[in-house]
Amino acid sequence: QKEVEQDPGPLSVPEGAIVSLNCTYSNSAFQYFMWYRQYSRKGPELLMYTYSSGNKEDGRFTAQVDKSSKYISLFIRDSQPSDSATYLCAMTGGYQKVTFGTGTKLQVIP
Amino acid sequence: DTGVSQNPRHKITKRGQNVTFRCDPISEHNRLYWYRQTLGQGPEFLTYFQNEAQLEKSRLLSDRFSAERPKGSFSTLEIQRTEQGDSAMYLCASGGPSNTGELFFGEGSRLTVL
């Protein structure tokens, strides 16, 4: 079993839709949770980071962490065609390797 | 540009040859990571440096792979006796002094083994 599980998609939504992306994990030591966005043939770029359980909002993006369920989510409101990319969840216990999910490929259709 | 720089961006080699990739991290960052990514997969951890010390290395990494960061600045990843299964994107990332896992990635070095 992988430490981090993520549905690879692809996920196709119409422009303006609310997108929900999710990951589950098994390692209780994870304390820091990140979402990265990766465009084709580019390196991942950090979108959001959250410490422990709770919510964090940044513009159209909201990250949620539920440590009791070992479940994290990223919500994208008013999705745009420019949001089309692969979204990677990532997590770490701190001062350790960062473990990534497989990524969910998102396509926002105009 | 003060981001993470990787060279070469693309390397084509024949099976059995050795290849070396270089990564120049963001100058003030003391953490440096190497990942490997294949199509449709997330980045797979290879190794991690804090300054010049190699603190962690994936158990999945064969002895053909070696990484160095001699002066705590740039890093090299060498693959000896390449195999077709080594074909992948090799990503380097750097991180600052915080332990939060926030990483800044380079554009990657794509390896094709014929």
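The values are calculated or read from the model by the stated rules, or taken from the named source; none is laboratory data. Computed from a predicted model, the values in this text were never measured in an experiment. With ideal geometry, Cβ positions are generated from the backbone for all residues, glycine too; neighbour counts draw on all protein chains shown. Protein only, heavy atoms only, side chains kept; ligands, DNA and RNA dropped before computing areas. Shrake-Rupley method; radii C 1.70, N 1.55, O 1.52, S 1.80 Å.
Which of B:29, B:72, B:82 sits closest to the plus end of the dipole of chain B, meaning its Cα is farthest towards the positive end, when Lys and Arg get +1 and Asp and Glu get -1 on the C-beta? Toward the positive end, the furthest listed residue is B:82. Going from the isolated chain to the complete set of protein chains, segment A:42-66 loses at least 10 Å² of heavy-atom accessible area (1.4 Å probe) at A:42, A:43, A:44, A:46, A:49. A simple spin-label model places the labels of residue B:78 and residue A:67 4.2 nm from each other, with each point 7 Å out along Cα-to-Cβ. Its residue count N fixes a reference of 2.2 N^0.38 Å for segment B:1-87, and the Cα radius of gyration divided by that reference is 1.09. Here the protein assembly as shown is assigned +1 on the Cβ of each Lys and Arg and -1 on the Cβ of each Asp and Glu. Its dipole about the Cα centre then comes out at about 620 debye. As a calculated quantity, the FRET efficiency between residue A:77 and residue B:61 at R0 = 35 Å, using C-beta atoms, amounts to about 0.30.
Overall, segment B:16-114 carries a charge dipole of about 140 debye about its Cα centre when +1 sits on the Cβ of Lys and Arg and -1 on the Cβ of Asp and Glu, all other atoms neutral. The residues neighbouring residue A:87, those whose beta-carbon lies less than 10 Å from its own, together hold a net charge of +1 under the Lys/Arg +1, Asp/Glu -1 convention. Between the listed residues A:4, A:16, A:69, the Cα displaced farthest toward the positive end of the dipole of segment A:3-86, a dipole computed from Cβ unit charges relative to the Cα centre, is found at A:4. Ignoring ligands, DNA and RNA, what percent of the accessible area of chain A is carbon or sulfur (1.4 Å)? Result for chain A: 47 percent of the exposed heavy-atom area is carbon or sulfur. For segment B:85-102, heavy-atom accessible area (probe 1.4 Å) falls by no less than 50 Å² from the chain alone to the full protein assembly at B:99, B:100, B:102.
Each listed q (0.07, 0.11, 0.12, 0.15 Å⁻¹) maps to a log10 I(q)/I(0) for the protein assembly as shown, found by the Debye formula over equal Cα scatterers with no solvent: -0.22, -0.54, -0.64, -0.99. Rounded to the nearest 20, the Cβ-based charge dipole of segment A:10-77 about its Cα centre (Lys and Arg +1, Asp and Glu -1) stands at 140 debye. Any idea of the accessible area per residue across chain B, 1.4 Å probe, to the nearest Å²? The answer is 50 Å² per residue.
Any idea what % of Cα-Cα pairs in chain A are farther than 25 Å? Value for chain A: 16 percent of Cα pairs lie more than 25 Å apart. Comparing the full protein assembly with the isolated chain (1.4 Å probe, heavy atoms, ligands and nucleic acids excluded), the residues of segment A:77-110 losing at least 40 square angstrom of accessible area are A:95, A:97, A:98, A:100, A:102.
In segment B:14-75, the portion of solvent-accessible area held by carbon and sulfur atoms comes to 45 percent [1.4 Å probe, whole percent, DNA, RNA and ligands not counted].
Here the label points at residue B:17 and residue A:60, each 7 Å from Cα along the C-beta direction, are separated by 4.4 nm in the simple model. Chains A and B: how much accessible area gets covered up at their contact, both sides added, probe 1.4 Å, in Å² to the nearest hundred? Summed over both sides, the interface buries about 1900 Å².
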